[in-house]
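Beneath this line is the structure, given in structure tokens, with notes to follow.
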Amino acid sequence: MRMKKISTLLFVFPALFLFFGCPGVLLAAKTPAFKQLAGDVTEHAASGMRFPASVGGFKRVGVHEYDETGNHVSVGYNLNLKNTQYCLIAATVYVSPSPKVRSFGSRQNVVDSAKATLFKNLYEENKRTIIRTRPNVKLLIEKASPPPNQSKQPEGMYAKFSYKEDFGEKNQPVESHLYLYCYVGGNWTVKYRITLRENTSVEARQELDRFLKNFEWTITAKK
């Protein structure tokens with residue numbers, strides 16, 4: 001799924017200006033979006049997010065760039081049935097710039113409110129995309145979510161859906177999980193999209209929990 005851009009907004013306050021911008025305004029990358037590090041680790045050059053070859057039983061299966069800047073990327077991980085290519089759980093980790101907030105003399109609570117509004121808009125757009133593109137989709141759970149790996153980053157949102165789609169070589173009922181976090185390290189949005197069969201085993205679900213807990217966010221903090 002491609003990250004959606006948010007249109008530019010401008011608020012003018014007496015004696016201060018607060019600018020809202022779209023997430024795609026970072027300078028174009030002058031280097032490839034990804035670089036290879038020791039130990040078969042793939043790093044997103046712009047954010048510093050690192051993607052190891054495996055996280056527990058999940059294996060890295062592909063990397064994607066979504067525009068010419070190299071700022072909007074994703075990396076896929078699959079948990080396969082042991083000794084087969086049959087996918088039990090598919091997880092994709094997306095990284096992109098968060099909606100931009102420029103503040104000139106604004107109080108911190110005004111900035112925080114602006115960020116909360118932009119985050120809510122981004123979350124709602126991701127949720128609408130899932131609902132709009134899947135027939136017979138049901139929203140099962142929706143709630144605030146702390147970062148799954150217990151990092152000291154802003155709280156995000158979590159939603160769980162059910163629908164039918166082609167997964168694991170046949171059309172079947174699946175669960176779809178959306179995790180979204182903004183302003184990670186000050187500048188970046190991290191999103192997880194996870195798909196699994198409704199009758200996925202307890203053992204596989206436990207492996208997913210370990211993936212979420214152990215996938216480390218290495219995004220460079222805002223300077």
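Only the coordinates and a few stated rules stand behind these numbers; no lab work does. Values in this document were obtained by computation on a predicted structure and should not be read as measured data.
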Below 18 Å, Cα to Cα, which aspartates and glutamates can Lys120 reach? Residues fewer than 8 away in the same chain don't count. Asp112, Glu142, Glu155
Along its three principal axes, how long is the chain when you only count alpha carbons? Whole Å, largest extent first please. 63, 43, 31
Which value in deg cm²/dmol, rounded to the nearest 500, describes the helix-derived mean residue ellipticity at 222 nm for the chain, given -39,500 (n - 2.57) per DSSP H run of n ≥ 4 and division by the residue count? -6000 deg cm²/dmol
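For the cross-link pairs Lys100/Lys138; Lys115/Lys138; Lys143/Lys213; Lys138/Lys170; Lys100/Lys164, which exceed 30 Å when the distance is taken from alpha carbon to alpha carbon?
With Cα atoms farther than 30 Å apart: Lys100/Lys138; Lys100/Lys164.
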If the cut-off is a Cα-Cα distance under 18 Å, which aspartates and glutamates reach Lys35, setting aside same-chain residues fewer than 8 apart in sequence? Glu43, Glu65, Asp67, Glu68, Glu216
